[in-house]
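The values are calculated or read from the model by the stated rules, or taken from the named source; none is laboratory data. Treat the numbers as computed from the prediction; the structure is a model and nothing was measured. Cβ sites come from the backbone with ideal geometry, for glycine too, and all protein chains shown count toward neighbours. For accessibility, only protein heavy atoms count, side chains too; no ligands or nucleic acids. Shrake-Rupley method; radii C 1.70, N 1.55, O 1.52, S 1.80 Å.
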Amino acid sequence: MPGPRITAGPARLIHFLDSGAFIERRLMSESWFVKKIREGSTLLPQDWDRLVDAHHTRSPGGTFCAFAPARGPAGLSSYEALARAVTQAAEHTTEAAEHTTAPGVVLDVACGDGAALAAVLHRARGRKMGVGVDRSSAELAGARRRLGKDVPLVQGEAGRIPLSTACADAVICHLGLMLFSDLPRALADIGRLLRPGGTFAAIVEAPPAVPVPDSLECTWGEVLTDFWNSEFGRDLPDLPLDGRFEPAGLVELCRSVGAFSTGATVTDASVSLSLSPEDLWDRFLSGIYLVSALTERQKRRLRAMAITSFARRAAPDHIVSLHIPLNLLVARRSQPKAID
């Protein structure tokens, strides 16, 4: 469902951001998506789903390539921040529960190439078992290479995950919530999969901030807007996002799902990248959904516009710094009510 019109600045960067960031290097004709844009056709929710699926098929594993180098103030990547949150929550739960020698099960929904699940399992030092779920067979192939043959992988979609009820002690999701067309249904399914007292932890896009004039984020928003207007003669399309990604909206959404009636917490998990203008495009911005759907000619033109504008903001060492606003959502599966 379309969200409100997005203004130039960080909102364009984050809300058009795919959880993949590869350059599309093969020649291609104008995509069905761009043709719809050029014709001025209304973009439907299934169009966004089709765009996401096509991109992940072409560029599996792009999320890790884009986000792994980015670090927050504590020196952690978004993967490491997610792993720390879920393992700390699980350790707290274990201490309060009866002792058990069985490892906990961590389920990664929209696991991509398995980078987030790998970070959790590494931090847990063998105390946990992992299961990955993704709708993309290409991403699951990457997850198999990363995680090995002993980690079960399941092809499925959030909201209809083909696993048994109460099968997981923790569920994680790294930059996947924005892709779920029915977010309440997906959260309800996640709650079904969690055992009582289990933890759901997710890295999500932070809400749009007021653009800082002359910042790199503002510059990118202006470049993308100028390119789109000149190439297609129209504004950037609305995206299927809404205010549920505000911290208060996330908390309220979790509270509205019966499994998470005790609510949730949302904390800052923003990260930054420092790269040359060329590397920033090649490793990060080229993976934006709308950019990945462009023709090679269109990508080359947008790349040249972006690099020229970024270079004006570069330090003497030709490095620019990009701030990526993210939040960490943590919710606890409600315990069943005691019977008098």
Exercise for the section: Could you list all residues from region 48-67 that are open to solvent by less than 10 Å² (accessible area, probe 1.4 Å) and not in a loop (DSSP other than H, G, I, E, B)? Expected result: Leu51, His55, Gly62, Ala66, Phe67
Exercise for the section: Give region 260-282 a look and list any residue that's surrounded by 21 or more Cβ atoms within 10 Å (Cβ to Cβ) and assigned to a helix (DSSP H, G or I), or say none. Expected result: Phe260, Pro277, Leu280, Trp281
Fill in the blank from the handout: Selection from region 292-323 of residues closer than 29 Å to Tyr79 by Cα and without any contact (Cβ under 8 Å) to a residue 12 or more places away in the chain yields Ala315, Asp317
Fill in the blank from the handout: Within region 175-216, the residues that are hydroxyl-bearing (Ser, Thr, Tyr), in contact with a Lys or Arg (Cβ under 9 Å, 6 or more places away or on another chain) and surrounded by fewer than 22 Cβ atoms within 10 Å (Cβ to Cβ) are Ser215
Problem - Residue that is aliphatic (A, V, I, L, M), farther than 20 Å from His55 by Cβ, modelled with pLDDT under 90 and touching a strand residue (DSSP E or B) at 6+ places or on another chain (Cβ under 6 Å), where the choices are Ala96, Ala89, Ala168, Ala102 - result: Ala89
Exercise for the section: Looking at (1) in contact (Cβ under 8 Å) with a residue 40 or more places away in the chain; (2) among the small types (Gly, Ala, Ser); (3) in a strand (DSSP E or B), find the lone condition where Gly130 falls short. Expected result: (1)
Exercise for the section: Could you give me the residue pairs with C-beta distances under 7 Å whose first residue belongs to region 185-208 and is part of a helix (DSSP H, G or I), whose second residue is basic (Lys, Arg) and crowded, with 21+ Cβ neighbours inside 10 Å wherever it lies, and which are 6+ apart or on separate chains? Expected result: Gly191/Arg333
Practice task
Test Arg160 against the stated conditions and say whether it is outside any loop (DSSP other than H, G, I, E, B), out of contact with any strand residue (DSSP E or B) (no Cβ under 7 Å at 6 or more places or on another chain) and charged (D, E, K, R).
Solution key: no
Practice task
Evaluate region 24-41: report whether one residue or more is touching a helix residue (DSSP H, G or I) at 6+ places or on another chain (Cβ under 6 Å), open to solvent by 40 Å² or more (accessible area, probe 1.4 Å), modelled with pLDDT under 90 and more than 18 Å from Val120 (Cα to Cα).
Solution key: yes
